[in-house]
Amino acid sequence: MSIVTRDAYADAFRQVTGRPLVKLTQHNGRPDSEIVFETLAINGVVASDEHLPEFLDALAEAFGARRRRLAKEGRAMPGAKDALKAVARLGGTVQSVLTGTIRSNAVHKLTAFGLDRYVDFEIGGYGEEVYPKASLLQVAQGRAGRRHGAVFDGSNTVLIGDSARDVQAARIAGASMIAVATGRSLPAELHEAGADVVLPDLSDPARLVEAVTRLTVPARTG
């Protein structure tokens, strides 16, 4: 979790509870909705039905106020921009994000590094939505289908992620999986989890494009 995100969580916690944040749970790829409840619990706050929407609204406001720090204090993954640009050139391809981060903060993060132009945020899946990741992927497929008038299913959907948890979500949802070994999961773990392709990083856009093309067939109109 970045310093900007930790600061935003601390600010949001104080706004919602009137108390300073003492402990913040580890992110580990989990959705913000889950982190909020655990953060409240480990700080001795009994969560009510109102806490989640209040906290997420406060988190969006606190993170947005710090968005100018992102480009200065953070960095994009090496090769990410070229990878997104290369896949965007594939005809009929739609790119979005499936993330534990709430939507407004995901937009800020990608915009800070000039990656937003390659992403359709309207069809993504985000951390304010209380779904398991595999279900969230299916929700995103439905959004893509309604927006683009085509059927998005396991035959034409590729999830690109860096954890065994991402691989498991793709497998459950029936999508193909390209794992990038730049996170905590080792290449062997990603292979064992069932990734179709494991890349060491995103430094070779041509290799990524080849994998996406090989793993998909054109979407049929719905």
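For ALA150, the amide hydrogen comes within under 5 Å of the amide hydrogens of GLY222, counting only partners 5 or more places away or on other chains and with H modelled in the peptide plane.
Given the options GLY125, GLY79, GLY91, state which has the largest fluctuation in a GNM of the chain using a 10 Å cut-off (strictly under) for Cα springs. In the Gaussian network model the winner is GLY91. Between 0 and 90 degrees, the angle of helix 164-173 with respect to the longest Cα principal axis of the chain falls at about 60 degrees. Taking all protein chains into account, the per residue accessible area for the chain stands at 52 Å² (1.4 Å probe). The alpha carbon gyration tensor of region 156-215 gives principal lengths a ≥ b ≥ c with a/c of 1.5 or higher and a/b no greater than b/c, which makes the shape oblate. The value obtained for region 101-144, namely the Cα convex hull volume divided by the number of residues, is 65 Å³ per residue.
Relative to the longest principal axis of the Cα atoms of the chain, helix 205-215 runs at roughly 70 degrees. Evaluated over region 1-160, the count of Lys pairs having alpha-carbon atoms less than 22 Å apart is 5 (only pairs 8 or more residues apart or interchain). Take SER176: with every protein chain present and a 1.4 Å probe, its accessible area is about 20 Å².
When the Cα positions of TYR118, VAL16, ASN156 are compared along the charge dipole of the chain, TYR118 comes out farthest toward the positive end, with charges on each C-beta of Lys, Arg, Asp and Glu.
Note on the chain: Rg/Rh from C-alpha atoms, Kirkwood Rh, equals 0.98. The 1.4 Å probe gives accessible areas that order ARG75, ARG117, ARG171, largest first, as ARG75, ARG117, ARG171. Counting only alpha carbon atoms, the long axis of helix 32-42 and the longest principal axis of the chain meet at about 30°. Solvent-accessible area of region 98-140 (1.4 angstrom probe, protein heavy atoms only): carbon and sulfur portion equals 54 percent.
The values are calculated or read from the model by the stated rules, or taken from the named source; none is laboratory data. In this text, all values refer to a predicted model and were calculated from it rather than measured experimentally. Reconstructed Cβ throughout: ideal geometry from the backbone, glycine too, with neighbour counts over all protein chains shown. Ligands, DNA and RNA are stripped out before the accessible areas are found, and what is left, the full protein with its side chains, is counted by its heavy atoms. Shrake-Rupley method; radii C 1.70, N 1.55, O 1.52, S 1.80 Å.
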